[in-house]
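Let me begin by presenting the structure, written as structure tokens, before commenting on it.
The values are calculated or read from the model by the stated rules, or taken from the named source; none is laboratory data. Here the structure is a predicted model, which is why all the values come from computation and not from measurement. Heads up, the Cβs are rebuilt from the backbone with ideal geometry, glycines too, and the neighbour counts pull from every protein chain shown.
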């Protein structure tokens, strides 16, 4: 599985930098572009808001406390479903690509941290493609997208048994139009809380 | 004409049960290109026992078949100088003067539950009778009998096996009033007539594939919120889950012997092709690459597997021995996207989806000359499937934002759309012609 190794190697530095100082800036610069922006109770931009030099572990603690914000753990699944927290559940991809764009790393980190702190919570990571090209190839391509998300969450520390991958290919478009912008919306992976 | 002699028994026994239930014409054929060189044919209104009580209009079906092929143009009944229903009433001059090449007349009689059709085909230019066909069917099989008669006329005049009695499968999706998607797997006559939904789900259905004997369909269903391959027997409606492994279970393709399926599984980490033996559901892994390998198709001799792989970064078609002994050889070099290939019945041609500059079209690769021809001019054409006689390809295309089925002749000259009143229609699969 050399592709898996490649992916892990390429994601690792991005992940580390994203939450280890330099990456924090990028968090501040980029969120406006991310239409799936994090919304956490006390800090609307996750670990972005804090301008101090934080170690990874510190961020985990902060995010955890922010995310959980006085709620019962079992209530969180509903909360997530209700879109009041961890609102960004969709990761978008480039054409014929399954590489995670850096602006979505914070989104996945938030999910990763939440799932680490809620080991009974499970998710299905759905992979989707746009309508172009052949359907079964798109199933395979969309699975690679979902697996990129899976590996990223795994890297953050989510347990394998908490995650399942399901590829729908082009069968469930988000946007039913046939325009370039619709295609962009349809090339996605979605973290679905169970 | 050995087949014709066999028809009455064949049709009554084999087709009566299956074609009886439904008769909704949800799809209709519309010629979009290539009608200039049509044979002129006059099909006189048939003599029938009671026009009001005929379950279907056999004459109109035959005319729609022949005209729908793009190779015939029919004389309208108002321009006919006489309307014979028996051979001895035919006056060739009446048809020569209106420029006709061929003439069809028929008489339908009813004896108990059976309709007996006697049809005559004449060559107007040579002033001779070309063939006589007799068919006996139950009411429920009249439509199929009409298609068989069209086949006989077509074969006599064109010299190539007709397709009018063949069947197709396709998938539809439509948004229901409750805002939920409904997916259906349909089996229909080649023209969309007699459409019967054989599987329904609120989750996607994909990739229907006919068994070589036309009795079973393999397909992918997400009804259990995972991908799963089912094999369904048409006559009984019974089905069996044959693949439900972790990850992708997709792209079923029947081996010519009907005993195995080539399928795509991702249980080992990424998409690879496996050979599934249906008798015991045992698996043999055929490809082992790190890349996407999917969309397997068998060569007609069963010796080779054609598949899509992005092992060279972009998706291209590869060919490898079906026993796994030997390397995969890349066979497409034109265009940066070639996928979903399948063989013509003679193994000489491969039809596929070719992408480039944002357009996805149906392309034909001639294995003998190595030439690639683009058959269609759409933006989003997909899922090509050869007609059993190798003369045409059915595929899915987008027209005014809607997915429809369409036909193109393998020379690219004739194009037809199959208009539909359903939601989105796609993934056509043409069944082999069962003799």
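For residues that are within 14 Å of another protein chain (Cβ to nearest Cβ) and either touching a strand residue (DSSP E or B) at 6+ places or on another chain (Cβ under 7 Å) or at pLDDT 95 or above (or both), tally how many sit in region B:288-304.
Qualifying residue count, region B:288-304: 9.
Can you list the strands (runs of 3 or more DSSP E) found entirely within region A:101-194 that contain at least 1 residues being within 12 Å of chain B (Cβ to nearest Cβ) and under 28 Å from residue B:311 (Cβ atoms)?
Result: A:123-128, A:163-169.
Looking only at strands (runs of 3 or more DSSP E) that lie completely in region B:45-156, which have at least 3 residues being in the same structural domain as residue B:410 (by TED's automatic domain parsing) and crowded, with 23+ Cβ neighbours inside 10 Å?
Answer list for region B:45-156: none.
Report yes if residue B:170 is surrounded by 23 or more Cβ atoms within 10 Å (Cβ to Cβ), within 19 Å of the chain's Cα centre (by Cα) and farther than 24 Å from residue B:74 by Cα, otherwise no.
So residue B:170 passes the test.
One residue is enough: does region B:246-254 have a residue meeting the conditions surrounded by fewer than 21 Cβ atoms within 10 Å (Cβ to Cβ), at pLDDT 95 or above and more than 22 Å from residue B:323 (Cβ to Cβ)?
The answer is yes, given that some residue of region B:246-254 is surrounded by fewer than 21 Cβ atoms within 10 Å (Cβ to Cβ), at pLDDT 95 or above and more than 22 Å from residue B:323 (Cβ to Cβ).
Wholly within region B:331-435, which strands (runs of 3 or more DSSP E) include no fewer than the required count, namely at least 1 residues that are within 13 Å of chain A (Cβ to nearest Cβ)?
Ranges flagged: B:337-343, B:349-356, B:359-366, B:382-386, B:392-399, B:402-409, B:424-430.
Exactly one of (1) assigned by TED's automatic domain parsing to the domain that holds residue B:90; (2) not in a helix (DSSP H, G or I) is unmet by residue B:193. Its number?
Of (1) assigned by TED's automatic domain parsing to the domain that holds residue B:90; (2) not in a helix (DSSP H, G or I), only one is false for residue B:193: (1).
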